[in-house]
1. All but one of (1) surrounded by 19 or more Cβ atoms within 10 Å (Cβ to Cβ); (2) closer than 19 Å to residue 166 by Cβ hold for residue 78, so report the exception by its number.
2. Quick one: in segment 99-114, which of the residues that are within 21 Å of residue 24 (Cβ to Cβ) and within 16 Å of the ligand (Cβ to nearest atom) is surrounded by the fewest Cβ atoms within 10 Å (Cβ to Cβ)?
3. Quick check on my filter: what residues within segment 171-203 are closer than 20 Å to residue 18 by Cα and near the ligand (Cβ under 10 Å from one of its atoms)?
4. Among the residues of segment 61-75, how many are in contact with a strand residue (DSSP E or B) (Cβ under 8 Å, 6 or more places away or on another chain) and more than 16 Å from the ligand (Cβ to nearest atom)?
5. Kindly provide the set of residues from segment 21-52 that are among the aliphatic types (A, V, I, L, M) and either without any contact (Cβ under 8 Å) to a residue 24 or more places away in the chain or assigned to a strand (DSSP E or B) (or both), ordered by number.
Amino acid sequence: MIRLRIHPDAAAAAHDVAAALRSTVVASPACVLGLPTGRTPIPVYAQLVEWVASGALSLDDVTTFNLDEFVGLGPDAQGSFQAFMRHHLFGRVDRRPAPRNFLDGLAPDLDLEAARFERAIDDAGGLDLVVLGLGTNGHIGFNEPAGELPARTHVVSLTDETRVANADGFGGEVPRVPTRAITMGVGTILAAREVILLATGASKADAVAAACEGPLTTQVPASLLQLHPRVTVVLDAAAAARLSRA
Ligand code: GLP
């Protein structure tokens, strides 16, 4: 059963998720986090940066795993999620080298890279908390709607809708958005001890309703989160608008 927390606006929803991350880190400074990219978590990261700057929080001992990466992009490429994380979080909070794990979009053998990433998560003791965004088509990480979903980290072909949604990182030029990505699988996400999904804005309202109240289906990958014993969906009012129980 998904727990819902609905806030009046996106800023309050982001603050809620930042506070949940802070509580996890304060309770367990060497915890293992799964982290998302996208526009939605930017204010979450801004809040964490503020807390670290003021001395209220340290991420030094936290191990992080990012959810996904575009195939063909290196860590410094425009649009890469590794560059995004450096810009919005790690470049601002890491005072010394810290365990930041990414999928390598340039790996010559992507299946080996996926297996390496899964092993690294296992070696770290598993994910304590995964924070997710939500695609307008119900994707989580880059697990796109499909007839079948591989459980663990794997390569995916991106839908046109997702490439358009990600064009911002590529100067608005959709043709420059890679056609493939490598992503943590839904099974990897469900194996985390806790999951928080953050969605804000009216464009997410249909996907939120399908994820939280629709049938379990691989055509709405986020609906599979209903299987998790400890999942919280944090929304603003606009993203919650299509929920019947809101
Ligand atoms: C990308 C990421 C997802 C993210 C989604 C939503 O597709 N791979 O992890 O949740 O974008 O992005 P936004 O927050 O910009 O709407």
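Only the coordinates and a few stated rules stand behind these numbers; no lab work does. Here the structure is a predicted model, which is why all the values come from computation and not from measurement. For neighbour counting, all protein chains shown are included, and Cβ atoms are generated from backbone atoms with ideal geometry for every residue, glycine included.
1. Every listed condition holds for residue 78 apart from (1).
2. First, the residues of segment 99-114 that are within 21 Å of residue 24 (Cβ to Cβ): 99-102.
Retained after the next criterion (residues that are within 16 Å of the ligand (Cβ to nearest atom)): 101-102.
Details: 101: 16, 102: 18.
The selected residue is 101.
3. First, pick out the residues of segment 171-203 that are closer than 20 Å to residue 18 by Cα: 189, 192-201.
Passing the criteria: 197, 198, 199, 200, 201.
4. Adding up the residues that qualify gives 2.
5. Matches in segment 21-52: 27, 32, 33, 35.
Residues checked against (1) surrounded by 21 or more Cβ atoms within 10 Å (Cβ to Cβ); (2) within 14 Å of the ligand (Cβ to nearest atom); (3) within 27 Å of residue 222 (Cα to Cα):
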position	(1), (2), (3)
55	no, no, no
59	yes, no, no
82	yes, yes, yes
93	no, no, no
97	no, no, no
116	no, no, yes
124	no, no, yes
133	yes, yes, yes
156	yes, yes, yes
